[in-house]
Amino acid sequence: QVQLVESGGGLVQAGGSLRLSCVASGRTFSWYVMGWFRQAPGKEREFLAAISRSGSNSYYAESVKGRFTISRDNVKNTVTLQMNSLKPEDAAVYYCAARHSMVVGRNAYEYDYWGQGTQVTVSS
């Protein structure tokens, strides 16, 4: 079992930045591919970014490529999502997720554990 706790959400103006963090506990963090997703009201959960177990490879959705950066610290059991140039359409609940696999996934159903989410609101 892995427990994930996100933090760092909040209200930001369009064009601003936020840094989300997710702390994992319960199992060996480096066994897990980590991902970030978001879900806006009335929409499906959307893949944003994922990072390999070692942190050497990262993957992004086209909608956030060049604006968001995922990183991880396998000593601190933390994965972060740096979000720059935020837009009103980025407003959503943001979730981190863990996948017990060597293969990075882009689909929500591929992930085994989820955090409770953190709200991001972007004002125009």
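Numbers below:
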{"read-out": "Protein-only accessible surface order, largest first, of V2, V93, V23 at 1.4 Å", "value": "V23, V93, V2"}
{"read-out": "Apportionment of accessible area to carbon and sulfur, the range 1-121, percent (1.4 Å)", "value": "48 percent"}
{"read-out": "Per-residue HN-Hα couplings for the range 44-49 [Karplus 6.51, -1.76, 1.60; θ = phi - 60°; Hz; x = Gly/Pro]", "value": "6, 5, 10, 5, 10, 7"}
{"read-out": "Rounded to whole Hz, the Karplus (6.51, -1.76, 1.60) HN-Hα couplings of the range 99-110, x for glycine and proline", "value": "10, 7, 6, 7, 9, 6, x, 10, 10, 4, 5, 7"}
{"read-out": "Sparse-neighbour loop sites [GluC sites (Glu not before Pro); the range 4-107; at most 16 other C-beta within 10 Å; DSSP]", "value": "E44, E62"}
{"read-out": "Kirkwood Rh in Å, taken over the chain so that all alpha-carbon pairs contribute", "value": "14.1 Å"}
{"read-out": "Average accessible surface area per residue within the range 35-104, 1.4 Å rolling probe, Å²", "value": "48 Å²"}
{"read-out": "Length-normalised contact order for the chain - Cα pairs under 8 Å, 6+ apart - percent", "value": "36 percent"}
{"read-out": "Mean Cα-pair separation over length for the range 1-54, i.e. relative contact order, pairs under 8 Å, 6 or more apart, %", "value": "29 percent"}
{"read-out": "Directionally averaged shadow of the range 14-53, computed from the convex hull of its alpha-carbon atoms, nm²", "value": "4.2 nm²"}
{"read-out": "Cα-projected label distance for H100 with S124, points at 7 Å along beta-carbon direction, nm", "value": "4.5 nm"}
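The values are calculated or read from the model by the stated rules, or taken from the named source; none is laboratory data. Just so it is clear, the model here is predicted, and its values are computed rather than measured. Every residue, glycine among them, receives a Cβ derived from its backbone with ideal geometry; neighbour counts consider all protein chains shown. When the accessible area is computed, the model is the full protein with side chains, heavy atoms only, and any ligands, DNA or RNA have been set aside. Shrake-Rupley method; radii C 1.70, N 1.55, O 1.52, S 1.80 Å.
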